[in-house]
Amino acid sequence: METPSPAQITGATAAEISASVRGLVERGELAPGDLLPPVRALAEQLGVNRNTAVAAYKRLARDGAVIAQGRAGTRIAGTRTAAQEGFADAAALAALAPDVPAETLRDLGTGNPDPALIPDLTRALAGAVGRLVLYGEPVIDPGFAAWARDWVAPDVPDGEAAHLTLTSGAVDAIERLLDQALVRGDAVALEDPCFLASIQTVRHAGYRALPVPVDAEGMTPVGLRAALEAGARAVVLTPRAQNPTGVSLSARRAEELRAVLEDHPYVLVIEDDYYSLLARVPFRSVVGPGHRRWALVRSVSKFLGPDLCLAVVASDGETADRLALRLSPGTTWVSHLLQRLAHGVLREDGARALIERAGDRYAARNAQVAALLREVGAEVAAADGMSLWVGLPRPAGEVAAQLARRGWRVRTGDEFRLAPDAEPSRHLRVTVHGLGDQEAERFASDLGAALEPDASEAG
């Protein structure tokens, strides 16, 4: 298909222009790979300021509808498999190192927990089978509700009585929380770099992602204030073990973010405390006692396994009521068998002790490997979480290609970025808790070799 004439695209604002391009794609008048008009030509034909056309293309790029290629122009994006947790992106790896078979590599891009550190569900399984649950009954099993209330009670805003809801995991919770509060086109403040599932959730729902930088203490107050002033109607942040950086909010940073949010009490604040029982640092909330729209999400997947799809949502009453409308019996409530199974395991002293050891193991292994990587020239802190965020002196894509030729499969920071026109990332995210001592030393040695100035030419 030929490049469309600028006259086919209509609109006087960035939102109208981007909607027009989307409409052309939906009607089949634009196909993946089609080249859009240059910004200057489009602005002249539509009679708009050049910056308006630039903003429209940036909006389309941010939402994944087009691919900006610099002087090569802007093209309609094709359909592709979205990056997700569990394995490094095979397509991204193939682009970096096409001569390396992916199946031969040691995969450090998973972000998965260690199966040996997940409690055995067998004993609790028998206790989960009991009275049948029929339509119209309470959504939350009474036993699990009591346990969950004790779990979240110390961490909800002062003076608030937490209203509990259950969802099929943290990702499901965030999707439903945003859906009950926003409409397509609304803006959401997200950490940048950001958890993969949150990026996809926001993009697929048609919300506008407003990136807020993350530093060594968490989401930055300046970035949050800018996002709120730009119209963010919801904020999603990770108070502990932020994925991918591993950063947890400091006490000072949590206080600073609460101060920023004081002027926006009706903005929905979602705290995704996915690491919860495994975290080695205290939970610090950014939600003050006067905030009107908030939700604390805690999943069991990192310590009971991803297949036990269950998350607890504690929130203000109105948010809970609106969320419950989409989770009533007869539609998509969480199985009481799953609730009883999770509750049964979490009541076992041995299971809780294993979860505690798992948190210690992940933290200790991260610290050990981080020290090895610093010795070879990488910048990495021994943060909380399943993985390490490794700073590099060279673009991550070049380093990842060199590591692939040495037998390692890693994720580059580019997958976690929100800004479509950002400079190439200089970070890797690697999951290292499964490495033995010799493997860890070999990985550090190979990373050091990949960081050498002439490594790309040698490869």
Item to check | Selection count where residues are open to solvent by less than 30 Å² (accessible area, probe 1.4 Å) and either of a type in the set (A, V, I, L, M) or without any contact (Cβ under 8 Å) to a residue 12 or more places away in the chain (or both), scope region 278-290 | outcome: 4
Checklist entry - Do you know which of the residues in region 123-164 that are β-branched (Val, Ile, Thr) and at pLDDT below 90 is surrounded by the fewest Cβ atoms within 10 Å (Cβ to Cβ)? => result VAL129
Next on the checklist: Within region 411-426, does at least one residue satisfy the condition of being surrounded by fewer than 16 Cβ atoms within 10 Å (Cβ to Cβ) and assigned to a helix (DSSP H, G or I)?
Outcome noted: no
Checklist entry - If you go through region 253-269, how many residues are charged (D, E, K, R), over 12 Å from THR220 (Cβ atoms) and assigned to a helix (DSSP H, G or I)? => result 2
Checklist entry - For residues in region 165-194 being β-branched (Val, Ile, Thr) and under 26 Å from ASP215 (Cα atoms), which is most open to solvent (accessible area, probe 1.4 Å)? => result VAL171
Next on the checklist: Between ALA342, ALA353, ALA364, which is open to solvent by less than 10 Å² (accessible area, probe 1.4 Å), out of contact with any strand residue (DSSP E or B) (no Cβ under 8 Å at 6 or more places or on another chain) and farther than 19 Å from PRO239 by Cβ?
Outcome noted: ALA342
Checklist entry - Do you know which of the residues in region 138-170 that are in contact with a Pro (Cβ under 9 Å, 6 or more places away or on another chain) and free of Cβ contacts under 8 Å to residues at least 40 places away in the same chain is nearest to ARG340 (Cα to Cα)? => result ALA145
Checklist entry - Considering GLY377, GLY350, which residue is outside any helix (DSSP H, G or I) and of a type in the set (Gly, Ala, Ser)? => result GLY377
Checklist entry - Based on what the data block shows, is GLY391 more than 30 Å from ALA56 (Cβ to Cβ) and either among the small types (Gly, Ala, Ser) or at pLDDT 95 or above (or both)? => result yes
Next on the checklist: Among the residues in region 292-299, are any in a loop (DSSP other than H, G, I, E, B), within 25 Å of GLU217 (Cβ to Cβ) and touching a residue at least 60 places away in the same chain (Cβ under 8 Å)?
Outcome noted: yes
Checklist entry - Can you pull out the helices (runs of 4 or more DSSP H) entirely within region 1-105 that have at least 1 residues that are buried (at least 17 other Cβ atoms within 10 Å of the Cβ) and at pLDDT 80 or above? => result 14-26, 39-46, 50-62
Checklist entry - Out of region 281-302, which residues are under 16 Å from the mean Cα position of the chain (by Cα) and among the basic types (Lys, Arg)? => result ARG298, LYS302
Item to check | Residue under evaluation ALA370, criteria (1) open to solvent by less than 10 Å² (accessible area, probe 1.4 Å); (2) more than 17 Å from THR110 (Cα to Cα); (3) modelled with pLDDT under 95; (4) under 24 Å from the mean Cα position of the chain (by Cα), criterion not met | outcome: (3)
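The values are calculated or read from the model by the stated rules, or taken from the named source; none is laboratory data. Here the structure is a predicted model, which means the values were calculated and not measured. Virtual Cβ from ideal backbone geometry, glycine too; neighbours counted across all protein chains shown. The accessibility values were calculated without ligands, DNA or RNA, using every heavy atom of the protein model including side chains. Shrake-Rupley method; radii C 1.70, N 1.55, O 1.52, S 1.80 Å.
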